[in-house]
Amino acid sequence: AQRVTQPEKLLSVFKGAPVELKCNYSYSGSPELFWYVQYSRQRLQLLLRHISRESIKGFTADLNKGETSFHLKKPFAQEEDSAMYYCALKSENQGGKLIFGQGTELSVKP
Amino acid sequence: DTEVTQTPKHLVMGMTNKKSLKCEQHMGHRAMYWYKQKAKKPPELMFVYSYEKLSINESVPSRFSPECPNSSLLNLHLHALQPEDSALYLCASSQESLIARLLFGSGTRLTVV
């Protein structure tokens, strides 16, 4: 079964501390993975995709096929990073469907 | 225009009412989606339209009826809803070749009383 697991419902860090939001997936083929972010009172938006290996707002995520993980990392958290973060997997057999994890709420304290 | 626009932003309706949610995009995206989202939960896929044809219906109750009149417009018709249907309804679109790279609207906050 295709599944995305985000084990932490809430992650609280202080400003300037490193942050890692965990994402594990189960998938039989070659996965396409994404991180979406939802800031308070703003629309859900794509943060990054594993295919592009980009860094957006200082965040990076590396696909680890051996550990079936796609953790989101940032070396120095900022208060404006506080948001809900969703890891998502493109469905293997239903084109157009994203399988979302349950989300992690990141709170960055001053 | 690089946004997905949803109207209305807020809607309160009774259980016997009929209402419609509207979504519009002018980016030439040929895939459009309806999602339902409860507070601090992930969005749940309801429907997917591809080239104006319904391609995915996630076993949504018939009191929700989608419609795609043209490539820029997506509607969600609501009838005889229940209080548990209260949620944020999100529309999204994507290029056919970049499915899963979704662009979301800001949503319609629906309250059923």
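Cα extents for the stretch A:2-77 along the principal axes, largest to smallest and rounded to whole angstrom: 37, 24, 23. Gyration tensor over the Cα atoms of the protein assembly as shown: the corresponding equivalent ellipsoid has semi-axes (square roots of 5 times the eigenvalues, largest first) of 30, 20, 16 Å. Among the cysteines of chain B, those whose beta-carbon sits 4.7 Å or more from every other cysteine beta-carbon are B:C68. Considering only A:L10, A:L89, B:Y33, the residue lying farthest towards the positive end of the dipole of the protein assembly as shown is A:L10, judged by Cα position with unit charges set on Cβ. For the stretch A:1-92, trypsin sites (Lys or Arg not before Pro) meeting the loop criterion (DSSP other than H, G, I, E, B) and having at most 11 other Cβ atoms within 10 Å: A:K9, A:R41, A:R53, A:K57, A:K65. In angstrom, the C-alpha Rg and Dmax of the stretch A:38-110 are 13.2, 44.
Across the alpha-carbon set of chain B, the Rg to Rh ratio works out to 0.94, Rh being the Kirkwood radius. When the Cα convex hull of the stretch A:20-64 is projected onto planes of every orientation, the mean area is 3.8 nm². Across the stretch B:16-30, coupling constants 3J(HN,Hα) worked out from phi with the 6.51/-1.76/1.60 Karplus curve, θ = phi - 60°, read 9, 6, 10, 9, 9, 9, 10, 9, 9, 8, 10, 9, x, 5, 9 Hz, and Gly and Pro carry x.
We did not get these values from a lab; they are worked out from the coordinates using the rules stated. Model, not experiment: these values are computed from the prediction. Quick reminder, even Gly has a Cβ in these numbers, built from the backbone with ideal geometry, and neighbours come from all protein chains shown.
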